[in-house]
Amino acid sequence: MKRVQTIEALQSHIEAAKTKGRKVGFVPTMGALHPGHASLIERARNACEEVVVSIFVNPTQFNNRKDFKTYPSTLKDDLDVARKTGATTVFTPTVDELYGGDLKVGPVDYGRLTSAYEGQKRAGHFDGVVAVVRKLFSAVRPDMAFFGEKDLQQLAVIRQLVRSEFDGLEVVGCPLVRERDGLAMSSRNVRLLGESRQDALKLNQWLNRIKSTACNGRDVSAVLQAIESEAASMKAIELEYIDVVDAKSFEPQHNASSQQGAFAIVAAQVGGVRLIDNCCVACS
Ligand code: AMP
């Protein structure tokens with residue numbers, strides 16, 4: 001596995017791979033790799049001969065400075081995970097290499113995809129996500145790019161970016177990977193201290209409650225309201241939103257059971273750590 005830190009070195013490596021007819025898969029990450037990331041790399045490896053993993057904590061997508069400053073960094077372990085799961089190249093650029101000293105990013109307007117839920121709660125977040133992914137796609141020029149359904153709204157935003165600017169690039173959405181007890185894996189989970197780790201399970205429990213309501217053919221509005229009042233009475237959890245939406249449009253979808261793309265989504269602060277989770281509520 002090769003590690004490169006400049007766009008120039010990356011591009012000459014990729015060009016050589018393409019000349020040999022190797023298909024290029026790309027997995028962008030912010031590092032602190034866990035089995036969720038590993039599943040993306042393995043999926044990429046199954047589909048492509050050349051697998052580029054980027055590790056870059058993107059400053060422009062953080063609306064909270066403390067979150068950025070305390071974002072976990074485990075580069076040495078990350079390189080091991082990447083190697084073992086099949087990455088052929090790891091791209092670890094500096095902020096200057098990607099942004100050239102100009103951290104101003106333009107606004108992105110994809111309607112509800114960028115303005116609702118994550119877009120509303122994290123002002124400017126998707127502007128930063130789109131800016132960095134656009135730079136990374138332009139540098140790597142992959143045939144396929146792999147993103148987790150863990151960040152469901154981000155996946156919808158990336159699909160829109162690709163439709164409008166990266167014709168021919170295939171975006172692959174990969175299933176959300178959980179801990180054994182149901183907590184969605186996240187690099188931020190290491191910051192869940194003491195009882196917060198247990199409190200965080202509430203998010204998945206709420207999603208399951210919504211799913212069983214929808215699968216019993218009932219309208220989910222009442223259960224959403226009940227969860228909101230339960231959350232309001234809890235000190236440990238600060239609920240930011242919980243809803244059922246169509247995963248493509250992010251329009252609310254409260255009559256969910258028959259809709260294939262209906263997902264329950266949630267975001268909350270638990271012990272000062274911001275967590276998101278989602279699950280498909282369509283029943284087969
Ligand atoms: P991050 O490093 O958090 O920016 O995530 C990099 C990629 O890994 C994104 O496409 C995420 O959606 C994906 N990812 C993060 N956590 C998980 C998980 N638990 N299951 C599946 N994919 C994940």
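The values are calculated or read from the model by the stated rules, or taken from the named source; none is laboratory data. All figures in this text were calculated on a predicted structure; none of them were measured in a lab. Here the Cβ is made from the backbone with ideal geometry for all residues, glycine too, and neighbour counts use every protein chain on show. Side chains are part of the model used for accessible areas, which takes the heavy atoms of the whole protein and leaves out ligands, DNA and RNA. Shrake-Rupley method; radii C 1.70, N 1.55, O 1.52, S 1.80 Å.
Per residue, how many Å² of accessible area does the chain show with a 1.4 Å probe?
For the chain, the per-residue accessible area is 47 Å².
How much length is gained if the chain between K84 and K20 is pulled fully straight, taking 0.36 nm per residue apart and subtracting their Cα-Cα distance, in nm to one decimal?
Numbers: separation 64, 0.36 × 64 = 23.04 nm, distance 2.34 nm.
Fully extending the segment from K84 to K20 adds 20.7 nm.
Return the percentage of antiparallel bridges among DSSP beta bridges fully within the chain, rounded to the nearest 5 %.
Of those bridges, close to 50 percent are antiparallel.
Assign unit charges at the C-beta atoms only (+1 for Lys and Arg, -1 for Asp and Glu), then state the dipole size of the chain relative to its Cα centre in Debye, rounded to the nearest 20.
520 debye
Run the lone-cysteine check on the chain: no other Cys C-beta under 4.7 Å from the residue's C-beta.
C48, C174, C279, C280
Taking θ as phi - 60°, what are the ³J(HN,Hα) couplings along region 3-12 by the Karplus curve (6.51, -1.76, 1.60), each to the nearest whole Hz, with x for Gly and Pro?
10, 10, 10, 10, 5, 4, 5, 4, 5, 5
Among G194, G86, G272, which one shows the highest mean-square fluctuation when the chain is modelled as a Gaussian network with alpha-carbon springs under 10 Å?
Fluctuation is largest for G194.
Give the calculated FRET efficiency between T94 and Q225 to the nearest 0.05, with a Förster radius of 51 Å applied to their Cβ-Cβ distance.
Rounded to the nearest 0.05, the efficiency is 0.60.
Tally up the carbon and sulfur contribution to the accessible surface of the chain as a whole percent, 1.4 Å probe, everything protein left in place.
Accessible surface attributable to carbon and sulfur in the chain totals 47 percent.
Please compute the contact order of region 70-156 in relative form: average sequence separation of alpha-carbon pairs under 8 Å and at least six residues apart, divided by the residue count, as a percent.
Value for region 70-156: 20 percent.
What number, in percent, do you get for the relative contact order of the chain if the mean sequence gap of Cα pairs under 8 Å and at least 6 apart is divided by its residue count?
17 percent
Using only alpha carbon pairs under 8 Å that are at least six residues apart, calculate the relative contact order of region 129-284 and give it in whole percent. Please report the intermediate quantities before stating the final value.
Numbers: 240 pairs, mean separation 33.3, N = 156.
Averaging sequence separation for qualifying contacts and normalising by length gives 21 percent for region 129-284.
Return the long-range amide H neighbours of F56 (sequence gap of 5 or more, or a different chain), with a cut-off of under 5 Å between placed amide H atoms.
Sorted by chain and number, the residues that satisfy this are T29, M30, G31.
Would you tally the net charge around D77, using a Cβ to Cβ cut-off of less than 13 Å, leaving D77 out, and scoring K and R as +1, D and E as -1?
Details: positive: K76, R83, K84; negative: D78, D80.
Net local charge, D77 excluded: +1.
Go ahead and set up a Gaussian network model of the chain, Cα springs under 10 Å, then flag whichever of V53, V223, V177 fluctuates most.
It is V223.
Give me the distance in nm between label points sitting 7 Å out from Cα along the Cα-to-Cβ direction at V190 and R3, one decimal.
Going from the V190 label point to the R3 one covers 1.6 nm.
For a quick check, take a GNM of the chain with Cα springs below 10 Å and name the residue from V130, V270, V105 with the largest mean-square fluctuation.
The residue that fluctuates most here is V105.
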